Amino acid sequence: MAGATIRKTMVTAVAAATLVVPVLAGSAEAATTKAVVGTSACGKKYPAGYWWTYPTTNTKFRAGSGTNYAALGLLHEGDGVEVKCKAKKAGWMRVYVLNGPQDGRTGWVASKYIA
């Protein structure tokens, strides 16, 4: 009987710990803003190498297509980027950075800052 009590206690402890983890990690909405939003947000997609360009001014490089997403860093005027797609939400482009401080990263930029 003691063994059954121990197993029941362990299962209860594991279940309780599992329920606490999402609370410690933050809400699902907060997690979404930290991860880079991929091609699911794309409207028009472009093939690799189709459109290389640059920012016309220093601008924030974001995790998603909107100012509500976390800034991943700064793109500098003239940093080379390859446009991967235009977002379904007007005014944003998903880009792959070809040089500069964000070299090799993919993220989102407001299209008004892209030449």
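The values are calculated or read from the model by the stated rules, or taken from the named source; none is laboratory data. For clarity, every value in this text was computed on a predicted model and none was experimentally measured. Cβ coordinates were reconstructed from backbone atoms using ideal geometry, including for glycine residues, and neighbour counts include every protein chain displayed. What goes into the accessible areas is simple: the full protein's heavy atoms, side chains included, and nothing from ligands, DNA or RNA. Shrake-Rupley method; radii C 1.70, N 1.55, O 1.52, S 1.80 Å.
The table below gives the values:
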{"quantity": "Members of the range 35-54 found to be within 20 Å of residue 74 (Cβ to Cβ), open to solvent by less than 50 Å² (accessible area, probe 1.4 Å) and not in a loop (DSSP other than H, G, I, E, B), listed by number", "calculated": "53"}
{"quantity": "Close pairs (6 angstrom Cβ cut-off, 6 or more residues apart or separate chains): crowded, with 18+ Cβ neighbours inside 10 Å in the range 55-74, of a type in the set (Lys, Arg) anywhere", "calculated": "65/89; 69/62"}
{"quantity": "Matching strands (runs of 3 or more DSSP E) fully within the range 63-115 where at least 2 residues are within 13 Å of the chain's Cα centre (by Cα)", "calculated": "71-75, 92-97, 106-110"}
